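Working notes, beginning with the structure itself.
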Amino acid sequence: MKRNIIRKFLYILLCAAIAATLWTPLSASAAVAMDPTIKVGLFYGSSALPGANLLNDVGSGYRLGYYDSSRVFQQLTSTSETAISVVKTQNVYYGTSGGWAGYYDSLTSDIAVGCWHIRLPGSYSSYAQASAAASAYAGGFVAWIDGVWQARVGAYLDKTSAQTAQTALGLSDSTLVGTSSYGVSVVKTGTSQILFQFDSTTGNYCLGIKPGQNDSVKTETIFRGNTYYGGFQYQRVSKGNLTVSNVIGLEDYVQGVIVREMSSSWPLEALKAQAVCARTYAYRNYTASKHSSQGFDICNSTCCQVYSGMGLVTANSSKAVTETYGEYAWYNGSLIEAVYSSHDGGATESAVNVWGSNVAYLIGKVDPYEASVVSKISNYNWTVTYTAQQLTDLLNSKGYVNSGIVDFKVTKTSPTGNAIEITFTDSSGKTWSKIRDACRTFLNLRSINYTVTSSGSAGSGGSYVVDGDGTLSTLDGAYAINGSGQTAQLGSEVYVIDGSGTVSQAQPSGGSSSTGDLVFTITGSGWGHNVGMSQWGAYAMAQQGYTYKDILTFYYTGIEVRKP
């Protein structure tokens, strides 16, 4: 959705989610909450981290605990440290990788946090009691393991090192322990010093961190170069690296989204329209638990909405969120799926022609507004070329075995002029068609608003030998007949002459036939799936004096904008 991010696979990912949530009405308006707490996935899946650093920006220190089932933070303890890191309870090493200083699985470093610990005997009824016992030893720390307070010492890389330390400390009545595959440790950044350890061996609870010592100050925390409001949750979803989520109020989240999806310098009414879209889209996915299996509600990428904290928030963008506080887009009493894209190239598209389902409020229409701001839009008009050979290779690589593509065209357009069916034809006459959004994604195009023209030829004259039943795969055993009715078997070299007098050697048909210098030129405009609001169209409408409600009711048919 972000206007300045490459979207090759934007809605390949979204379409999978759409099947489950897009066309299902949300609950009645009375059930829609104002400013709920949501969890936004920041690092997850293949991007999950061995360790994640936090640094106070506004406010100081951190509260450590967990978020309960109602998303209420339950504090277990706190630290006055301003720079802390959360690491998985496996051996990790502090250093720099990929330009980021932090804790990693394998680095050459003298700073390591090991997964073996010495557990002091007994358990304790409070953090204070466990802390008093642990503080008697260098490297002592408190662990909360399934609700039980423990005192532990050290962070050793192997059992032998832990046993050696156990003997040296004279702790014969202690035990050597580790954690489950859900365990995490809070450490002082840049050291091996564990400040607190958290483990819920069933995975029912995850470590939560709220920056600041209380809620009297609206904290801002730096994480991976970005500044965030709210708290954080750390979960080892795959029992390996950390899934990191930002736990934040919906309204604050919307502030972070609109400055990534639009520029904060854009007209206020366009930003307000974006705020309503972002809020509505987020709430639907929050209630639909789109990413619940990954431990959060909504992700921070173009699969959902682009979000990277508060760094770009300005007075203008903040005003857009404040002036639309709690407002959603509704259709027949339910929240809409407020999809949007950068620009539509002159016409939006109906959901049925992109994702295959009729949606009453997602109806394609000619957009008369974008044209006024085309000069401001980078790459508004675009051209992509494919040679016949490139298309041949592309289809073959995707499992569509062909004898050489000789034709490619748009075979069906929507009432608004967008390509909704394309067809490829090979030298044997076999065809393959792609419909709906695949007209864009199959060829990695910027939109479905395009036409196709061809130039050149699919090989030299006389490149195929045919009989009454079709093409011949070989010249062996083939005969020619002359004007007197005499026949003769063809040799290995046969030449033909075309109507212009050009003589060329004939070739057998089949997969070896040349695609020649045939080139297909795709000429289009727009960027995105073309469904719902055009962000640049919103810009243009705002410039022309339209309000955010005018913008939204133009792009989403029959909706209303209001609070629950």
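The values are calculated or read from the model by the stated rules, or taken from the named source; none is laboratory data. Small disclaimer: the values here were computed from a predicted structure and weren't measured. Because the Cβ atoms are built from the backbone with ideal geometry, glycine has one as well, and the counts that use them run over all protein chains shown.
Among the residues of the range 439-456, are any at pLDDT below 95 and buried (at least 17 other Cβ atoms within 10 Å of the Cβ)?
No, every residue in the range 439-456 fails to be at pLDDT below 95 and buried (at least 17 other Cβ atoms within 10 Å of the Cβ).
Just to check your reading of the model, which residue among SER378, SER357, SER334 is in contact with a helix residue (DSSP H, G or I) (Cβ under 7 Å, 6 or more places away or on another chain), surrounded by fewer than 20 Cβ atoms within 10 Å (Cβ to Cβ) and under 30 Å from ALA273 (Cα atoms)?
Working: SER378 fails: in contact with a helix residue (DSSP H, G or I) (Cβ under 7 Å, 6 or more places away or on another chain); SER334 fails: in contact with a helix residue (DSSP H, G or I) (Cβ under 7 Å, 6 or more places away or on another chain).
Unique residue meeting the criteria: SER357.
Confirm whether GLY203 is part of a loop (DSSP other than H, G, I, E, B) and either surrounded by fewer than 16 Cβ atoms within 10 Å (Cβ to Cβ) or in the same structural domain as SER78 (by TED's automatic domain parsing) (or both).
For GLY203, the condition - part of a loop (DSSP other than H, G, I, E, B) and either surrounded by fewer than 16 Cβ atoms within 10 Å (Cβ to Cβ) or in the same structural domain as SER78 (by TED's automatic domain parsing) (or both) - is met.
Output the residue which, of all residues in the range 208-245 that are under 25 Å from SER106 (Cβ atoms) and of a type in the set (S, T, N, Q), is nearest to the chain's Cα centre (by Cα).
Filtering first and then ranking leaves THR243.
Would you be able to tell me the number of residues in the range 279-290 that are buried (at least 19 other Cβ atoms within 10 Å of the Cβ) and without any contact (Cβ under 8 Å) to a residue 60 or more places away in the chain? Full working, then the answer.
Start the filter on the range 279-290 by keeping residues that are buried (at least 19 other Cβ atoms within 10 Å of the Cβ), which leaves 279-286, 290.
Right, trim to without any contact (Cβ under 8 Å) to a residue 60 or more places away in the chain and you get 279-281.
Number of matching residues: 3.
Determine whether GLY99 is in the same structural domain as LEU55 (by TED's automatic domain parsing), at pLDDT 95 or above and within 34 Å of the chain's Cα centre (by Cα).
On the way: in the same structural domain as LEU55 (by TED's automatic domain parsing): yes; at pLDDT 95 or above: no; within 34 Å of the chain's Cα centre (by Cα): yes.
In short, no.
With respect to the numbered conditions (1) on the phi < 0 side of the Ramachandran plot; (2) outside any strand (DSSP E or B), which one is the sole condition not fulfilled by ALA101?
Every listed condition holds for ALA101 apart from (2).
Please pick out the residue among CYS277, CYS303 that is in contact with a strand residue (DSSP E or B) (Cβ under 7 Å, 6 or more places away or on another chain) and under 30 Å from TYR67 (Cα atoms).
Working: CYS303 fails: in contact with a strand residue (DSSP E or B) (Cβ under 7 Å, 6 or more places away or on another chain).
Every option except CYS277 fails the conditions.
Out of contact with any Ser or Thr (no Cβ under 6 Å at 6 or more places or on another chain), of a type outside the set (Asp, Glu) and either part of a loop (DSSP other than H, G, I, E, B) or in contact (Cβ under 8 Å) with a residue 60 or more places away in the chain (or both), is that true of ASN379?
Working: out of contact with any Ser or Thr (no Cβ under 6 Å at 6 or more places or on another chain): yes; of a type outside the set (Asp, Glu): yes; either part of a loop (DSSP other than H, G, I, E, B) or in contact (Cβ under 8 Å) with a residue 60 or more places away in the chain (or both): yes.
Criteria met by ASN379.
If the requirement is being outside the structural domain of ASN418 (by TED's automatic domain parsing) and over 21 Å from VAL40 (Cβ atoms), which of these qualifies: VAL366, VAL339?
Working: VAL339 fails: over 21 Å from VAL40 (Cβ atoms).
Only one candidate qualifies: VAL366.
Quick test for you: out of SER293, SER317, pick the one residue that is crowded, with 24+ Cβ neighbours inside 10 Å, of a type in the set (Gly, Ala, Ser) and assigned to a helix (DSSP H, G or I). If you could, list the steps in order and put the result at the bottom.
Working: SER293 fails: crowded, with 24+ Cβ neighbours inside 10 Å.
Testing whether each residue is crowded, with 24+ Cβ neighbours inside 10 Å, of a type in the set (Gly, Ala, Ser) and assigned to a helix (DSSP H, G or I) leaves just SER317.
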